[in-house]
Amino acid sequence: MSMIRTGSCLFHGPIHLEHKLNEVEQFYSSSTKHPNTPKSGSTMKEKDREKFLASFNKRQQDAAHREAAAAERMQELMHEFGKILRYMTQQKWAGPFMQPVDVVGLKLHDYYEVIEKPMDFSTIISKVEAKDGTGYKNVREICADVRLIFKNAMKYNKEKHDVHVMAKSLLDKFETRWLQLLPKVDEEEKLRKEEEAEMQLDMQHAQEAAHAKMARDLSFELDKVDTHLEELREMVLQKCRKMTTEEKKRLGSAMTRLSPDDINKALEIVAHNDPTFQAVGEIVEVDIDAQSSGAPTRGPDAVNGPH
């Protein structure tokens, strides 16, 4: 049973270790190709690694707090933009833009040929209030759709048409209100970029720590493989020890008493242990010292045959 376990470790273990080694090497190799990736991976001292691991949980907590704070700030911006929406929908000329264009009722047969993406306030409000994940992700997306309402109207209707004039007037009002909110939007986007960069750095540090631990574990497992190999080498040496002087004498004496068939068997054993040996002629000389050196100890019984 012990031999089976040893064999399993030696022949199946290296495949597992090789995969882990390749992963570690690939991580540190790719790190050197990206200037923004910390290069301390291969040179970071053990003490620094332990210090980082100790603070990693705190980093994760900080990241969760940042995400929560960012979501709260975005909600506040959405609320501020909601005030702009209410302001726009309360304008006296907002009526034609509250619902989707009645293409059939107004017989606007070419409307969808001219307008690629129809838009109206009711569609925007529904998307703002959506709870199924299909809503707007940020206020710039809402801003783009509000602009689209008026640009569609100005594109489809001629410049002197009442709808065109109303759309242009409402767009100017909207842009004035949007410019008042824009500094807060810019500040939030800048802050989000900084937080995302910090989160990316934390992720890289987490990978650094994980692969550093994997490298240490790999070194430990390789040490165990070396130990198994040393044990196996000792086992093989015990099984393949050199013949003693007494055994050589017994072997030489036994070979002189062999029958012709047994002599042929003995010569086959010698030839198996020494490929350069040639049994030619009626008289064959066998150097017992040369043949037995390092060969498995089979002793005189191997050539004496059954008793």
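The values are calculated or read from the model by the stated rules, or taken from the named source; none is laboratory data. Note that the structure is predicted; figures quoted are calculated from it, not measured. Glycine also receives a Cβ, built like all others from the backbone with ideal geometry; neighbour counts cover every protein chain displayed.
Annotation note: of 198, 188, 159, 208, the sole residue that is surrounded by 13 or more Cβ atoms within 10 Å (Cβ to Cβ), closer than 30 Å to residue 86 by Cα and either touching a Lys or Arg at 6+ places or on another chain (Cβ under 6 Å) or of a type in the set (Asp, Glu) (or both) is 188. Scanning segment 83-109 for residues that are within 19 Å of residue 145 (Cα to Cα) and either hydrophobic (A, V, I, L, M, F, W, C) or touching a Leu at 6+ places or on another chain (Cβ under 7 Å) (or both) gives 84, 85, 88, 91, 93, 94, 97, 98, 101.
In segment 218-231, the residues that are assigned to a helix (DSSP H, G or I) form Cβ pairs under 8 Å with partners that are β-branched (Val, Ile, Thr), at six or more places apart or across chains, as follows: 218/24; 228/6; 231/6. Candidates are the residues of segment 252-278 that are exposed (fewer than 13 other Cβ atoms within 10 Å of the Cβ), farther than 27 Å from residue 238 by Cα and not acidic (Asp, Glu); the one that is modelled with the lowest pLDDT is 278.
The set of residues in segment 226-245 being within 24 Å of residue 284 (Cβ to Cβ) and surrounded by fewer than 12 Cβ atoms within 10 Å (Cβ to Cβ) consists of 245 alone.
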